[in-house]
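Q: Quick one: the structure is below, questions incoming.
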Amino acid sequence: MMPGLGLGDTSPPRRSTHLVVFGVGLLLAVVLRLVLLPTDGFRGDLDEFVKWVHGLVTQPFGRAYDQNLTFPPVMVYIWGLLAALEPAFRTVSDAADPIVRAVMKTPASLADLAIGLLVAWELRGRPRWAVAAGLGILLHPALIYVSAWWGQYESIYVLSGLIAFMLAVRGHSLPAAAVLAVAIMTKPQALPFLVPFAAFFLARGGIRGLTLAAIVGAAVIGILWLPFVADGGIAGYARSLNEHQGETFAILSLRAWNVWWLVQEAFAGGQFVSDQTAILGPLTFRLFGLVAAGLLETVVFLAVFRSPTRRTLALGLAAAVLVAFTFLTTMHERYSFGALVFLVLLIPERRMLALWLAFGVVLTLNLIAAIPPSEQIGAMLPISGPLGVAGSLAMIAITLVVLRETVVSAQEPVPDGEPAPVPGP
């Protein structure tokens, strides 16, 4: 069997025991989600999503972006499927009905389960680590909180990113590029994936390989947009992005514990500050963040290009996500979600296990403090103040450690069985 990532097991495998443990954990993960699906979660977001689904079923599908949607077309297809399966969306326009809430949360919860299964399969050559990593994802409070309670869709684009990773490291660059395009067309938060994947395609296939991957990705994006082009869907989505990123959410940090949360704490006591504020002449906070993140993403690109291996790509994907989260403005608290999945692939290494556990704790605390499930918990875990400062410092440190691990991985010899990079341009 093809080995997974990290260090190997030294004891003989007991597959029946591993399967039983994993099966019990999987059942528990399903039950926990079934219990949480009908709950209110964060009603503000759920009400907005249901209103959009209602609009999809009560007007021509091609006019979806008349509604000022903030998602690319993959989520429109998913919501269209939900509308076709559940007749209630023809009449309801909010999430007051628990059945409607459960239906809205189901796609992300199914994606959670798929991620856990794929992670376990990826590490199947080390059965104990496969069980630990798979259940670590299936039962992780951050995933359960975001998908089954809150009703957000991060796990759907991360699932596509994981599939693209698994295809790419097996030499299937063009299918990987197609799936990567699906990830980007699910949520724009998948855009950081482009950095390590572009380096990987270039290193393994040269200019020709990267160009073919780009053509395939562009073709998939074009096909996904086809139903909406005639009715101005692309322009409508662009207007929505401009409105939300340039106006509504033009904030240093939208409850994300990162560099910019520290700035808001220092100068505004945790209150929101516009990222359009000028620092020096035309240099704004947003532009400064873009430059800083761009430089660090270049480091990620060069590391993966130098060593296009399974390990470096996994680290590069986690690093790219964390760099964007930590140094860009307008970040929401859940936008580091993807790093949790790519880091878990490395937990057979002791230091990576410690890093994954630490990151999981910080991410979970950030999520709960940002959108607490009750007033009592919100009072115990205030988003600002000492907890927010400590969380931000921890997230910055974790980001820099993952970035360093990516660079160090690029300096190590290419493992046996991994193709060497082609000569660079």
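Q: For segment 110-129: of the residues being touching a residue at least 60 places away in the same chain (Cβ under 8 Å) and open to solvent by less than 10 Å² (accessible area, probe 1.4 Å), which is nearest to residue 44 (Cα to Cα)?
A: The extreme case among them is 112.
Q: Taking the criterion of being out of contact with any helix residue (DSSP H, G or I) (no Cβ under 9 Å at 6 or more places or on another chain) and among the charged types (D, E, K, R), would at least one residue in segment 35-49 satisfy it?
A: Yes: one or more hits.
Q: Search segment 260-275 for residues being in a loop (DSSP other than H, G, I, E, B) and hydrophobic (A, V, I, L, M, F, W, C), and hand back the single one that is least open to solvent (accessible area, probe 1.4 Å).
A: Once the filter is applied, the top-ranked residue is 273.
Q: Oh, and also: Kindly indicate whether residue 265 is within 23 Å of residue 67 (Cβ to Cβ) and at pLDDT below 95.
A: Spelling it out, it is not the case that residue 265 is within 23 Å of residue 67 (Cβ to Cβ) and at pLDDT below 95.
Q: What number of residues within segment 373-392 satisfy the criterion of being part of a helix (DSSP H, G or I), crowded, with 16+ Cβ neighbours inside 10 Å and of a type in the set (A, V, I, L, M, F, W, C)?
A: The number of residues fulfilling the criteria is 2.
Q: Any residue in segment 39-51 that is in a helix (DSSP H, G or I) sitting within a Cβ distance under 7 Å of a residue that is among the acidic types (Asp, Glu)? List the pairs, counting only those 6 or more apart or interchain.
A: These pairs meet every condition: 47/94; 50/94; 51/94.
Q: Residue pairs, Cβ under 8 Å, 6 or more apart or interchain, first in segment 361-384 and without any contact (Cβ under 8 Å) to a residue 12 or more places away in the chain, second in a loop (DSSP other than H, G, I, E, B). List them.
A: 372/381; 378/372
Q: Turning to a different aspect of this structure: I'd like to check something: does segment 409-423 contain any residue that is at pLDDT below 95, open to solvent by 60 Å² or more (accessible area, probe 1.4 Å) and over 26 Å from residue 349 (Cβ atoms)?
A: Yes, segment 409-423 contains at least one residue that is at pLDDT below 95, open to solvent by 60 Å² or more (accessible area, probe 1.4 Å) and over 26 Å from residue 349 (Cβ atoms).
Q: Is there a residue in segment 229-251 that is closer than 27 Å to residue 384 by Cα and of a type in the set (Phe, Trp, Tyr)? Before the answer, list the steps.
A: Initial filter on segment 229-251 (closer than 27 Å to residue 384 by Cα): 243-251.
Filter again for of a type in the set (Phe, Trp, Tyr), leaving 249.
Yes.
Q: Any chance you could count how many residues in segment 201-259 are exposed (fewer than 15 other Cβ atoms within 10 Å of the Cβ), closer than 30 Å to residue 381 by Cβ and not β-branched (Val, Ile, Thr)?
A: 2
Q: A follow-up question, please. Considering every residue within segment 241-252, establish whether at least one is over 23 Å from residue 188 (Cβ atoms), in a loop (DSSP other than H, G, I, E, B) and touching a residue at least 40 places away in the same chain (Cβ under 8 Å).
A: So far as segment 241-252 goes, no, none of its residues is over 23 Å from residue 188 (Cβ atoms), in a loop (DSSP other than H, G, I, E, B) and touching a residue at least 40 places away in the same chain (Cβ under 8 Å).
Q: For residues that are more than 20 Å from residue 88 (Cβ to Cβ) and among the aliphatic types (A, V, I, L, M), scanning just segment 38-74, find the one that is surrounded by the most Cβ atoms within 10 Å (Cβ to Cβ).
A: The qualifying residue surrounded by the most Cβ atoms within 10 Å (Cβ to Cβ) is 69.
The values are calculated or read from the model by the stated rules, or taken from the named source; none is laboratory data. Just so we're clear, the structure is a prediction, and the values are computed from it rather than from any experiment. Note that each Cβ is placed from the backbone with ideal geometry, even for glycine, and that neighbours are counted across all protein chains shown. Calculation scope for accessible area: heavy atoms of the full protein, side chains included, ligands and nucleic acids excluded. Shrake-Rupley method; radii C 1.70, N 1.55, O 1.52, S 1.80 Å.
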